Amino acid sequence: MLPDDLKNSLVEHINRVDHPRELAVDVMFSIQDYYGYLTDEGVEETAQLLKMSPLEVEQLATFYTFIYREPVGKYIIHVCDSVVCWMDGYESIKDYLCKTLKIQDGETTPDGLFSLLPVCCVGYCDRAPAMLINKKVYGNLTPDKIDDILKKLRQDA
Ligand code: FES
């Protein structure tokens with residue numbers, strides 16, 4: 001259940017707009033931040049707050065790449081699978097990440113640190129292949145560079 005302060009601040013925000021559903025993504029992000037992902041309870045709460053049906057919220061949630069309907073790791077690695085990255089080594093980068101993390105696309109490491117998910121172009125086409133980890137973009141990826149990035153993230157965890 002959402003804490004009162006979060007719920008009240010969302011209600012306050014929603015009351016300031018003419019069409020509450022325009023805040024659907026913001027509300028889903030806030031609720032996702034609280035739970036760690038958009039839980040079933042979070043879908044219900046979003047629907048109640050915005051006076052939408054849970055199905056409408058579900059449809060929106062599954063449309064957006066950065067709304068997670070299942071638990072995700074502390075670091076969410078989105079590997080770009082759009083055309084330029086495809087041409088510049090996406091597959092080998094993704095395979096390397098799978099091998100190194102010992103997970104497949106869509107999975108999370110058992111220690112809860114890393115999830116691996118696809119994403120469309122992240123705007124680093126001139127530095128392909130690229131990936132996004134949480135809000136940071138990394139380009140010109142190589143296995144060595146990935147090793148360095150993962151090592152640093154593990155140290156920071
Ligand atoms: S195609 Fe991968 S960053 Fe643009």
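Restricting segment 78-116 to trypsin sites (Lys or Arg not before Pro) that sit in a DSSP loop and have at most 16 other Cβ atoms within 10 Å of their own Cβ leaves LYS102.
Give me D for the chain in µm² s⁻¹, whole number, from Stokes-Einstein with Rh from the Kirkwood sum over alpha-carbon pairs, 4 °C and 1.567 mPa s. Once the numbers are plugged in, D ends up at 76 µm²/s. Per-residue ellipticity at 222 nm from helix content only, as computed over the chain with -39500 (n - 2.57) for each DSSP H run of at least four residues, stands at -14500 deg cm²/dmol.
Across segment 19-34, computed HN-Hα scalar couplings (Karplus, 6.51 cos²θ - 1.76 cosθ + 1.60, θ = phi - 60°) run 10, x, 5, 5, 9, 4, 5, 4, 5, 4, 5, 4, 5, 4, 4, 5 Hz from first to last residue, x flagging Gly and Pro. Here, segment 65-157 has an Rg and a Dmax of 12.1, 34 Å when only alpha carbons are counted. Under 15 Å of direct C-alpha separation, and excluding same-chain neighbours fewer than eight residues apart, LYS7 reaches these aspartates and glutamates: ASP26, ASP33, GLU41, GLU44, GLU45. For segment 40-49, the Karplus equation 6.51 cos²θ - 1.76 cosθ + 1.60, evaluated at θ = phi - 60°, returns couplings of 4, 4, x, 5, 4, 5, 4, 4, 5, 4 Hz by residue, with Gly and Pro reported as x. Of the cross-linked pairs LYS94/LYS135; LYS51/LYS74; LYS102/LYS152, which ones have a Cα-Cα span greater than 26 Å in the structure shown? Pairs exceeding the cut-off: LYS51/LYS74.
Suppose a student asked you for the relative contact order of the chain, using Cα pairs under 8 Å spaced at least 6 residues apart; what percent would you report? So the answer I get is 18 percent.
Shown in residue order for segment 10-15 are the 3J(HN,Hα) couplings computed by the Karplus curve 6.51 cos²θ - 1.76 cosθ + 1.60 at θ = phi - 60°: 5, 4, 4, 4, 5, 5 Hz (x for Gly and Pro). Computed over the chain with a Gaussian network model linking Cα atoms closer than 10 Å, the most mobile of GLY73, GLY139, GLY123 is GLY123.
Where a number appears in this text, it was derived from the coordinates with a stated rule and is not lab data. Since the structure is predicted, the reported quantities are computational estimates derived from the model, not experimental observations. Ideal geometry is used to build each Cβ from the backbone, glycine not excepted, and the neighbour counts take in all protein chains shown.
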